[in-house]
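K.L.:
Next up is a structure, given as structure tokens.
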Amino acid sequence: MKITFDDNITKRLSELTESKTGDFVLDFDHTLSTEMIDSSCCGITRYRIVLVDKGAVPAVFDGRIDSPMGEFFCKKWGMMYFDEEMNVRLTANHLIEIMGRGEQIAPHIEIVDYRQK
């Protein structure tokens, strides 16, 4: 399984890790959040790319996705909803979406930085 990024997203992720490294997590059920989010039938509510301190990925994120930015961590059970080849891109209306094989996986995702400053 692999995830790639368009130039806009690559630049944004690179800028985040320029001065301090971290690990990327593809969080799709707000495990890394203080928000209370009602669960949908399958438990996936909103995708986010979360940057955490290097080596601080919680054990619940037991899945791995290859990317040009390094490994992305995720929950292994949720990988059944992913495609083998995914692309994260900026849309014409400046939203970030994850695309699978010609099909949208998530229409609006966030990129958040949870590293300790």
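K.L.:
Determine the gain in length on full extension of the stretch residue 1-residue 71; use 0.36 nm per residue of separation and subtract their C-alpha separation, reporting nm with one decimal.
P.N.:
Once the chain is fully extended between residue 1 and residue 71, it gains 24.1 nm.
K.L.:
For the chain, I need the span (max minus min coordinate) of the C-alpha atoms along each principal axis, in Å, sorted largest to smallest.
P.N.:
Sorted largest first, the three principal extents are 36, 30, 26 Å.
K.L.:
List the residues, sorted by chain then number, that are 5 or more residues from residue 106 or on another chain and whose placed amide H is less than 5 Å from its amide H.
P.N.:
98
K.L.:
Is there a pair in 20/75; 11/75; 2/75 whose C-alpha atoms are over 19 Å apart, and which pairs would that be?
P.N.:
In this structure, 20/75; 11/75 lie more than 19 Å apart at Cα.
K.L.:
Per-residue accessible area for residue 71 at 1.4 Å probe radius, Å² rounded to 10?
P.N.:
90
K.L.:
Need one word for segment 55-117: rounded, prolate or oblate. Basis is the Cα gyration tensor (sqrt eigenvalues a ≥ b ≥ c); a/c below 1.5 gives rounded, then a/b vs b/c decides.
P.N.:
oblate
K.L.:
May I ask you to order 85-98, 7-20 by the average number of other C-beta atoms within 10 Å around their residues, highest value first?
P.N.:
85-98, 7-20
K.L.:
Moving to a separate point now. With a point put 7 Å past each Cα toward its Cβ, work out how far residue 54 is from residue 108 in nm, to one decimal.
P.N.:
3.5
K.L.:
Rounded to the nearest whole Å², what accessible area per residue is found for the chain with the 1.4 Å probe?
P.N.:
Dividing the accessible area of the chain by its residue count gives 57 Å².
K.L.:
Whenever you get a sec, compute what percent of the accessible area on the chain sits on carbon and sulfur atoms (1.4 Å probe).
P.N.:
Its accessible area is 49 percent carbon and sulfur atoms.
The values are calculated or read from the model by the stated rules, or taken from the named source; none is laboratory data. No experiment lies behind these values; they were computed from the predicted model shown. Every residue, glycine among them, receives a Cβ derived from its backbone with ideal geometry; neighbour counts consider all protein chains shown. To get the accessible areas, we keep the full protein, side chains included, count just its heavy atoms, and leave off ligands, DNA and RNA. Shrake-Rupley method; radii C 1.70, N 1.55, O 1.52, S 1.80 Å.
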